[in-house]
Amino acid sequence: MSGPAQERPAQEHFTQERADVLIVGGGLGGVAAALSCLRLGCRVLLTEETDWIGGQLTAQAVPPDEGLWIEQSGCTASYRAFREGVRDYYRRHYPLRPASRADPLLNPGAGNVSRLCHEPKAALAVLEGMLAPYLSSGRLTLLLETRPVAVQTAGDRVVGVSAEHLPSGTRLDLHAPFVLDASETGELLELGGIEHVIGAEGQAETGELHAPEVADPLDQQAVSWCFVIDHLEGQDFTIAKPAQYEFWRAYQPDFWPAPQLSWSYPHPITHAPVLRDLYSNPSETPHGGDLWHYRRILAQRHLLPGALASDLVSVNWPQIDYLPGPILGVSADERERHLEGARQLSLSMLYWMQTEAPRHDAKGQGYPGLRLRGDLTGTQHTHGLAKSVYVREARRLRAEFTVLEQHIGVQARGDLIGAEVFADSVGVGQYRIDLHPSSAGRNYVDVASWPFQIPLGALIPQRVENLLAAGKSLGVTHVTNGCYRLHPVEWNVGEAAGALAAFCVLGGHQPRQVRRTPALLQAFQRLLEGTLGVQLHWPEAMRTVPSPGF
């Protein structure tokens with residue numbers, strides 16, 4: 001194994017790092033991959049482009065989107081430990097009401113999108129705690145604010161990754177026998193010339209029921225720049241008018257029932273117009289009610305009187321889905337233009353709510369008491385939004401096996417009951433195939449799927465020997481990405497990839513060899529189930545229940 005490593009900033013005199021496993025991207029998949037590698041005895045290099053680990057949950061400010069039975073089944077033991085860690089964080093540090101503190105299924109935000117809604121900083125604290133022992137032991141080197149800029153290859157192997165420490169501009173050369181791409185957009189696939197796909201495959205290639213007839217690499221799900229707000233009625237926190245406000249105020253996609261800055265949007269399943277305002281229907285039923293209760297991340301009712309002036313809400317609503325163009329497969333200038341457009345759309349949505357939105361109480365227009373809480377997303381001195389844009393769809397590996405709609409979709413599988421059973425399963429997931437509107441002008445695609453498995457073949461490239469997908473860049477399609485992109489699935493993919501890398505380091509194997517050799521595959525699956533607590537199969541009573549609509 002490699003020599004000792006320790007936590008340190010990527011300063012100029014530290015230009016080269018080595019470990020057993022290099023993980024690029026410190027989001028959910030990257031953290032889970034690091035944990036499984038470390039638990040199995042490896043030394044790990046983990047890079048993260050922002051100064052927060054956690055990806056979707058933290059830097060992107062997206063509370064968990066999870067499956068129907070998440071409290072009982074459908075995730076790994078370490079993801080379950082993370083969830084319980086969040087609940088314990090609130091019990092330890094917040095003045096909860098006795099009934100809330102005693103609730104074993106405490107949902108801090110009581111948001112109706114998930115059984116566990118919480119603040120980004122709570123997730124960050126729990127994830128940092130999970131990594132802390134390995135930082136102290138020196139077996140984990142964590143390089144924050146560090147992004148990959150080049151990949152060195154020799155034949156069909158990755159031999160190094162060059163990275164840049166963003167604050168200092170220092171160049172780092174990173175080396176390990178196995179490299180995992182856990183980046184939010186599959187950066188190593190592009191930098192290393194590793195075969196991959198972006199956008200939508202055509203029906204001629206995949207035969208999928210809901211694929212477009214013709215492939216379009218620029219048909220990518222909308223990105224969203226999320227933000228956190230609270231509401232202090234009677235006060236005025238109106239932000240400066242965003243530079244692009246007039247554009248967004250008039251903007252209306254062809255399939256949208258009203259201007260995008262409104263309380264109306266198309267229903268994801270039926271495409272019928274939906275009217276959902278801020279406060280008119282304070283329901284806490286799953287996916288029901290008004291927007292305020294949809295992704296609420298801290299509920300005032302859980303805390304003792306006087307402890308919290310207002311609920312806290314994460315705004316990840318249809319109105320901030322950015323549709324004018326994609327961020328992958330375009331020039332750097334165009335990408336930056338679209339990212340700035342996404343920021344402007346979110347700020348414009350906030351400004352519209354503060355100044356022009358029809359009120360639920362018929363008291364004129366606007367809620368000037370809505371306050372942007374950049375202090376809770378670590379951006380109070382910049383734009384006040386999440387640190388990073390929420391990316392639903394990454395570059396996707398040309399993998400040994402690609403999951404198609406025919407493997408998991410209820411309608412696509414016709415009379416077959418349940419999803420395809422994969423002999424090389426390394427985990428499970430459950431969610432509808434949920435595609436947000438796209439940069440090609442496509443409306444929602446939201447269709448039922450069966451509870452599914454994660455095949456090992458989807459983590460292994462067709463050609464490259466020592467790189468693995470450890471997040472949203474696994475071998476799925478534009479369509480099946482819609483249910484493999486959610487928080488517990490991304491975690492499971494990362495955990496399995498990290499475990500496979502460690503299994504190969506410790507046993508002298510190659511990933512492809514493990515999948516293709518029955519004895520090795522069985523040994524690896526026993527490691528996943530027995531040592532790490534990874535669920536590989538659905539109980540029969542759950543496997544045959546399709547994901548419900550709303």
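The values are calculated or read from the model by the stated rules, or taken from the named source; none is laboratory data. Note that this is a predicted model, so its numbers are computed, not measured. No Cβ is skipped: glycine too gets one built from the backbone with ideal geometry, and neighbour counts run over all protein chains shown. Just the protein is used for accessible areas: all its heavy atoms, side chains included, with ligands, DNA and RNA removed. Shrake-Rupley method; radii C 1.70, N 1.55, O 1.52, S 1.80 Å.
Of note:
- For segment 195-222, taking the residues that are in contact with a Pro (Cβ under 6 Å, 6 or more places away or on another chain) and aliphatic (A, V, I, L, M), the one that is most open to solvent (accessible area, probe 1.4 Å) is identified as L218.
- Scanning segment 354-370 finds no residues that are in contact with a His (Cβ under 8 Å, 6 or more places away or on another chain), more than 30 Å from F247 (Cα to Cα), open to solvent by less than 10 Å² (accessible area, probe 1.4 Å) and of a type in the set (S, T, Y).
- Filter result for A110 (free of Cβ contacts under 8 Å to residues at least 24 places away in the same chain and either under 30 Å from N281 (Cα atoms) or open to solvent by 50 Å² or more (accessible area, probe 1.4 Å) (or both)): no
- Options L172, L180, L189: the member that is open to solvent by less than 50 Å² (accessible area, probe 1.4 Å), over 23 Å from Q344 (Cβ atoms) and in contact with a helix residue (DSSP H, G or I) (Cβ under 6 Å, 6 or more places away or on another chain): L180
- Cross-chain or 6+ apart pairs with Cβ under 8 Å, segment 395-423 first and part of a helix (DSSP H, G or I), then of a type in the set (V, I, T): E405/T206; E405/I433; E405/T477; E405/V479; E405/T480; H407/T480; I408/I433; I408/T480
- Residue that is nearest to R343 (Cα to Cα) [pool: residues in segment 228-282 that are open to solvent by 40 Å² or more (accessible area, probe 1.4 Å) and β-branched (V, I, T)]: T238
- Condition check for S224: touching a helix residue (DSSP H, G or I) at 6+ places or on another chain (Cβ under 8 Å), at pLDDT 95 or above and among the small types (G, A, S): yes
- Looking across S473, S449, S438, one residue alone is among the small types (G, A, S) and either over 26 Å from E334 (Cα atoms) or out of contact with any strand residue (DSSP E or B) (no Cβ under 7 Å at 6 or more places or on another chain) (or both). It is S449.
- Qualifying residue in segment 313-324 (condition: farther than 30 Å from V421 by Cβ, surrounded by 18 or more Cβ atoms within 10 Å (Cβ to Cβ) and more than 21 Å from the chain's Cα centre (by Cα)): no
- Candidate set: segment 390-412, residues that are in contact with a Lys or Arg (Cβ under 8 Å, 6 or more places away or on another chain) and of a type in the set (A, V, I, L, M, F, W, C); chosen: the one surrounded by the fewest Cβ atoms within 10 Å (Cβ to Cβ): V391
- Among the residues making up segment 493-520, those that are within 16 Å of G457 (Cα to Cα), open to solvent by 20 Å² or more (accessible area, probe 1.4 Å) and either touching a helix residue (DSSP H, G or I) at 6+ places or on another chain (Cβ under 8 Å) or β-branched (V, I, T) (or both) are F503, H509, Q510, Q513, R515, T517, L520.
- Taken together, L298, L232, L312 contain a single residue that is within 23 Å of V391 (Cα to Cα), touching a Gly at 6+ places or on another chain (Cβ under 9 Å), at pLDDT 95 or above and not aromatic (F, W, Y), which is L312.
- Close pairs (7 angstrom Cβ cut-off, 6 or more residues apart or separate chains): under 15 Å from E187 (Cα atoms) in segment 144-170, open to solvent by 60 Å² or more (accessible area, probe 1.4 Å) and assigned to a strand (DSSP E or B) anywhere: Q152/V159; T153/V159; G160/Q152; S162/R171; A163/R147; E164/R147; E164/R171
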